[in-house]
1. Give a residue-ordered list of calculated ³J(HN,Hα) values for the range 4-15 (Karplus: 6.51 cos²θ - 1.76 cosθ + 1.60, θ = phi - 60°; whole Hz; x for Gly, Pro).
2. Sorted by mean Cβ packing within 10 Å, highest first, what order do the peptides 51-58, 123-130, 151-158 take?
3. What is the distance, in nm, between label points placed 7 Å from the Cα along the Cα-to-Cβ direction at Leu138 and at Asn107?
4. Send over a whole-number figure in Å² for the accessible area per residue of the chain, probe 1.4 Å.
5. Roll a 1.4 Å probe over the protein heavy atoms and report the accessible area of Asp27 in Å², nearest 10.
6. With labels modelled as points extended 7 Å from the Cα through the Cβ direction, what inter-label distance (nm, one decimal) is found for Ser20 paired with Phe84?
7. Indicate, rounded to the nearest 5 percent, the antiparallel portion of the DSSP beta bridges found entirely in the chain.
8. What translational D, rounded to a whole number of µm²/s, comes out for the chain from Stokes-Einstein when the hydrodynamic radius is the Kirkwood one over Cα pairs, at 37 °C and 0.692 mPa s?
Amino acid sequence: MINFFNEVLFSNDECDKILSFANGFVDLENYGFKLAIPEKRNSKYSEVVNIEDLEKLILPKLKEIGILSIKSGSMFIEYNEGDFFEKHIDNSYKSNRVCTVVIQLSNEDDYEGGDLIVEGIRCSRKRGTMIVFSGNDLHEVEKITKGTRRVFVCMPTKSDIKIKNSIIWN
């Protein structure tokens, strides 16, 4: 069983297209949805515009690892200078999230700091990288010291995952 995935899957053009589904970035207090553990994070958020079309772009590359939908917990996150997300897990006792999917949409030289660290592993900063890890894995985004980092995030639930024949979850 593979429980961590960290590979470049999306081209620059695909990253630009994915980012076009963002609906403008706002602070947490102005974001339309309640997010967990606001005291551990500082960043901006955007809703996804037209999730069905975004799925058409992203899902062909996710189906091979058993992810069938990106609708659960989907959002864009923008980290600017001083922004961070302290160590946390995405799953809780009341949640049925199976994993977290992060697609790196910024170029690695667009920002300094801001690394995603999952269970002590520093993830790739290359644009187009998709990172998938268990919702129970401890992770953080280090403080941005310069520039801007943008990512797409979703947190598929058990109903969004095909466990059987998945290269990650069986």
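The values are calculated or read from the model by the stated rules, or taken from the named source; none is laboratory data. This one's a predicted model, so the numbers in the text were calculated from it and none came from an experiment. Quick reminder, even Gly has a Cβ in these numbers, built from the backbone with ideal geometry, and neighbours come from all protein chains shown. Note: areas computed on protein heavy atoms with side chains; ligands, DNA, RNA excluded. Shrake-Rupley method; radii C 1.70, N 1.55, O 1.52, S 1.80 Å.
1. After applying 6.51 cos²θ - 1.76 cosθ + 1.60, I find 8, 9, 8, 9, 6, 10, 10, 6, 4, 4, 5, 5 Hz.
2. Descending packing order for the listed peptides: 151-158, 123-130, 51-58.
3. 3.6 nm
4. Roughly 51 Å² per residue, with all protein chains present.
5. 60 Å²
6. Output for this residue pair reads 3.7 nm.
7. Antiparallel: roughly 100 percent of the beta bridges in the chain.
8. Translational D for this selection: 206 µm²/s.
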